[in-house]
Amino acid sequence: MDIETSLDKLFSLHTFGIKLGLDNTIGFLNHIGNPQQELKTIHIAGSNGKGSTASFIASILQEFGLNVGLYTSPHFVKFNERVILNRKQIEDEYISSFINENENYIDENQLTFFEVTTAMAFQYFKEMKPDYCVIETGLGGRLDSTNVLNPLATVITTISLEHTNVLRDTIEQIAIEKAAIIKNNSKVYTGFLKKEAIDVVEKRCAETKNTIYRLKDFISEIDEQVSLVLEKGKQIEINPTLKGKYQKYNASLAALTISKTFLFKDEQKYLSGISKVLTNTGLQGRYEYYNKNPKIIFDSAHNPESIKSFLAEFSKEAANYKKRVLIFGAMRDKNISEMLKLLSSYFDEILVTEIQYERAAKPQDIKRLGDQMNIICNVITEPIKYIEEFKSRNEDECLVVLGSMYLLGEIKQQLLQGFT
């Protein structure tokens, strides 16, 4: 089975949708020998920032000379982006071999895409023998396929209302789902959580005999400057190459996690890992400049909280442009009305487009939501052509492509393939 056939097989498993529950995952992992039991892991959940924080952790550990596996989702352009070992993506041959060897079991048990992908990542890391693996949850936590680990550390970045059709509809209920990845006798690290969320996490930590470290207790801020206290009397200023103060928080949370879990002290390696996150992990789609003149920005802000973070940064340059255009797409389980309300204050024109994914909101439905709030949204059927033509616009215009990672992935892939 070649790589194209293998990936076709793998992507066809989306037909089975999202199956919340661990029975399939546990059964499949038993079938392949429970590779996850041999991994030393850091497990990360959160509504926003978990992919960036996971990448910062992996990057810093690499700068300390360690071999590090990194499992994140979704991918942007190529499936292999999901499973990385020290900058190197999983090989096509490994993917093909894994699917071929386990095809009968996958079919007989109707495994989902994420169940198979997660098991593949664990098996790959077991065979490659990294020193540590950084594992990002997919959706939620309690019933997520990654929730079969006994990690050295657990990180919860932020908690906001998301996936309410699956994770319930209050911050407290969503926090319960995410905090369920916390296991016994470990260490837990949190970003900035609302009181109802931190109360849930603290209760879970008490039940599981975990030490909890809150980011707010280890950073100091002066305007845009963020510094992290690594140990008493020592602090480092956090300046990632990624734009946005929220990325300073993500990098700080990553550094805190490593500092308290491994007791590493070399400040320069922390700073180097933070500054090299793009090259060390391939992280993309975070306030990413696709074109400089005129500015075309790609960002994967996909819910109200992340859009607020994006706009806090974008507001610093928005006044530089006479015209600001947005191409937008989102999953239908997000609070699209709130997202449009936030975005409409910053953009002169909002264009909505199709995403080829079963959970995606139809552009006509987004337009209809806009109409109900007197926010004009126009449907665009050829976003690639629009982006390419925008490159010839004046420097005082700006285009932002923002929303679901699946939207950015489709657009990036077509741009790379030269589709216009």
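Miscellaneous remarks
- Mean ellipticity per residue at 222 nm, deg cm²/dmol - from DSSP H runs of n ≥ 4 across the chain, formula -39500 (n - 2.57): -12500 deg cm²/dmol
- Point-charge dipole on Cβ atoms (K/R +1, D/E -1) for region 1-91, about Cα centre, debye to 20: 240
- Per-pair calculated FRET efficiency, R0 = 22 Å: S272 and L416 via Cβ, rounded to 0.05: 0.15
- Built amide H within the under 5 Å cut-off of N48, gap 5+: T158
- Fraction of accessible area attributable to carbon and sulfur, the chain (%, probe 1.4 Å): 46
- Sequence-ordered 3J(HN,Hα) estimates for region 76-83 from the Karplus curve with 6.51, -1.76 and 1.60 and θ = phi - 60° stand at 8, 10, 10, 3, 4, 4, 5, 10 Hz, glycine and proline given as x.
- Taking 0.36 nm per residue of separation and subtracting the Cα-Cα distance, full extension of the segment from H31 to S12 would add 4.7 nm.
- Loop sites in region 372-420: chymotrypsin sites (Phe, Trp or Tyr not before Pro), DSSP, at most 13 other Cβ within 10 Å: F419
- Alpha-carbon Debye profile of region 272-420, log10 I(q)/I(0) at 0.15, 0.18, 0.21 Å⁻¹: -0.75, -1.10, -1.48
- Those residues of region 62-90 whose amide nitrogen sits under 11 Å from the label point placed on Y289, 7 Å along Cα→Cβ: none
- Cβ-Cβ distance of E358 and E196, R₀ of 35 Å, FRET efficiency by 1/(1 + (r/R0)^6): the value works out to about 0.65.
- Relative contact order for region 345-420, counting Cα pairs under 8 Å that sit 6 or more residues apart, in percent: 30
- Annotation: amide H of V401 within the under-5 Å range of I297, F298, D299, I327, sequence separation 5 or more or interchain, hydrogens built in the peptide plane.
- Filtered GluC sites (Glu not before Pro), region 221-259: DSSP coil and at most 11 other beta carbons within 10 Å: E224
- The alpha-carbon of K187 sits under 16 angstrom from the alpha-carbons of these aspartates and glutamates, leaving out residues fewer than 8 places away in its chain: E202, E207, D217.
- Candidate aspartates and glutamates - alpha carbon under 18 Å from K88, same-chain residues fewer than 8 apart omitted: E63, E127, D131, E136
- Spacing of the modelled spin labels on L66 and Q110, each 7 Å from Cα toward Cβ, amounts to 4.1 nm.
- Amide N proximity, region 258-292 versus K391 label position 7 Å along Cα-to-Cβ, cut-off under 11 Å: 291-292
- Backbone phi angles across region 212-223, fed through the Karplus curve with coefficients 6.51, -1.76 and 1.60 (θ = phi - 60°), yield HN-Hα couplings of 10, 10, 9, 3, 4, 7, 10, 10, 10, 9, 10, 6 Hz in residue order; Gly and Pro are listed as x.
- Three principal axis lengths of the chain [C-alpha, angstrom, descending]: 58, 54, 39
- Candidate lysines - alpha carbon under 20 Å from K9, same-chain residues fewer than 8 apart omitted: K19, K78
- Most mobile of G33, G233, G65 in a GNM of the chain (Cα contacts under 10 Å): G233
- When you filter the trypsin sites (Lys or Arg not before Pro) in region 190-234 for DSSP loop state and at most 10 other Cβ atoms inside 10 Å of their Cβ, you are left with K209, K232.
The values are calculated or read from the model by the stated rules, or taken from the named source; none is laboratory data. Owing to the predicted nature of the structure, the values given are computational and were not obtained by experimental measurement. Cβ coordinates were reconstructed from backbone atoms using ideal geometry, including for glycine residues, and neighbour counts include every protein chain displayed. Side chains are part of the model used for accessible areas, which takes the heavy atoms of the whole protein and leaves out ligands, DNA and RNA. Shrake-Rupley method; radii C 1.70, N 1.55, O 1.52, S 1.80 Å.
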